[in-house]
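Enquirer: Here you go, one structure.
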Amino acid sequence: MSQNTKKTLNCRGRLVDLSHGPAVMGILNVTPDSFYAGSRVGDKEVVMTEVVERAGEMLRAGATFLDVGGYSTRPGAPEISPAEETDRILPAIEAILRIWPDALVSVDTFRADVARQAVEAGVCLVNDVAGGTLDPDMFRTVAQLGVPYVLMHMRGTPQTMQSLAKYDNVTLEVIDELGKQLASLRVLGQKDVILDPGFGFAKTPAHNFTLLNQLQAFQIFNEPLLVGVSRKSTIWRTLGITADEALNGTTVLNTVALLKGASILRVHDVREAVEAVTLVDHVQSGPLT
């Protein structure tokens, strides 16, 4: 993180200080079709128990945020209605906060009305994979809600995005497109913004590796950077394995991201990510002996 990068997030009156080190965001998918089987939740009768148990495990492992999502954004994922999305996430959010009232819960949605209902249920951060491009009301809504907002880069929709993975210079074009969206947010008065280059969203594996290698270029915005590469196909296809086998590869790329300035890691496996944060911190600032 550069010295000029914004280091604090106001999460509904609680200050998250990223100057003490990068944070880890645990992924809680309340979906039956996530690309990673280990994060899927199906039968509604066991959903709440599973979600609360996973939330507790992640918090004990050192997660700063719990990111609840009810709409699978894997390439080609089927569309679901806003009503179905809220039907999935609101009970999960309420169950987590009932047992873990101090948890910092974020909502993974690109729909403004879903975001509003989630914040009313206790969410303190909105994580928008579409960066405001799929709902014209999202920016105004999140600015009114006054919670931190993850502005991610994506083109198209989850159904069409991979057909739009065409760039002359992926890093410059993603920076340009994020910059335009960020400017629109600022006009509306949005204060806390976290930027996400959108690994795997309208990106090929080659694009993802280039963006990760050039991640420091995004420090031009002086905003915290979120990196989400956990168990994605860039890892397992490159290594010739499966998503279930991609934990080691995830840790390697998370380590690279930390060395290049990531402020938040969004992951399925919290304990391993927290260990990476701790060890990289010792490499970068540990005392000489």
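The values are calculated or read from the model by the stated rules, or taken from the named source; none is laboratory data. Keep in mind it's a predicted model, so treat the numbers as computed, not measured. Cβ coordinates were reconstructed from backbone atoms using ideal geometry, including for glycine residues, and neighbour counts include every protein chain displayed. In case anyone asks, the SASA skips ligands and DNA or RNA and just uses the protein heavy atoms, side chains included. Shrake-Rupley method; radii C 1.70, N 1.55, O 1.52, S 1.80 Å.
Enquirer: Taking amide H atoms as placed 1.01 Å from N in the peptide plane, list the residues 5 or more away in sequence, or in a different chain, whose amide H sits under 5 Å from that of Leu104.
Expert: Under 5 Å from the amide H of Leu104: Leu66.
Enquirer: Say the cut-off is 25 Å between C-alpha atoms; which of Lys6/Lys260; Lys7/Lys180; Lys166/Lys191 go over it? It would help to have the intermediate numbers written out before the result.
Expert: On the way: Lys6/Lys260 16 Å; Lys7/Lys180 22 Å; Lys166/Lys191 31 Å.
Checking Cα-Cα distances, Lys166/Lys191 exceed 25 Å.
Enquirer: Same structure, new question: Take the Cα atoms of the stretch 215-289, build their convex hull, and give its volume per residue in Å³. Don't skip to the answer; put the middle values down first.
Expert: Details: hull volume 7.7 nm³, N = 75.
Given the Cα convex hull of the stretch 215-289, per-residue volume reads 103 Å³.
Enquirer: Quick check: residue separation of Glu177 and Asp244 times 0.36 nm, minus the Cα distance between them. What number comes out in nm?
Expert: Numbers: separation 67, 0.36 × 67 = 24.12 nm, distance 3.27 nm.
Answer, rounded to one decimal: 20.8 nm.
Enquirer: Contact order normalised by length for the stretch 95-151, with contacts defined as Cα pairs under 8 Å and 6 or more residues apart; what percent is it? Please list the in-between numbers first.
Expert: Values: 79 pairs, mean separation 19.9, N = 57.
Averaging sequence separation for qualifying contacts and normalising by length gives 35 percent for the stretch 95-151.
Enquirer: Of the accessible area of the chain, with the probe set at 1.4 angstrom, what percent is carbon plus sulfur? Intermediate results must be reported in sequence, preceding the final value.
Expert: Details: 6570 of 12500 Å².
C and S atoms contribute 53 percent here.
Enquirer: Where both residues lie in the chain, what percent of DSSP beta bridges are antiparallel, nearest 5?
Expert: On the way: 4 of 31 bridges.
Close to 15 percent.
Enquirer: To continue, here is another question. Leaving out ligands and nucleic acids, note down the accessible area per residue over the chain with a 1.4 angstrom probe, in whole Å². Write down the numbers at each step before the final one.
Expert: Numbers: 12500 Å² over 289 residues.
Normalised by residue count, the accessible surface of the chain is 43 Å².
Enquirer: Let me ask something else about it. Under a crude label model (7 Å from the Cα following the beta-carbon direction), how far is Ser233 from Ala83 in nanometres?
Expert: 3.2
Enquirer: Another question, if that's okay. Compute the distance in nm between two label points, each set 7 Å from the Cα along the Cα-to-Cβ direction, one at Asn169 and one at Arg14.
Expert: Each label point lies 7 Å from its Cα, and together they span 4.2 nm.
Enquirer: Relative contact order (percent) for the stretch 70-180, with alpha-carbon contacts under 8 angstrom and 6 or more residues of separation?
Expert: Numbers: 146 pairs, mean separation 26.7, N = 111.
Relative contact order for the stretch 70-180 comes out at 24 percent.
Enquirer: Assuming R0 = 25 Å, can you tell me the calculated FRET efficiency for the pair Ala206 and Leu259, based on Cβ-Cβ distance, to the nearest 0.05?
Expert: Working: r = 20 Å, r/R0 = 0.82.
The formula returns an efficiency of 0.75 here.
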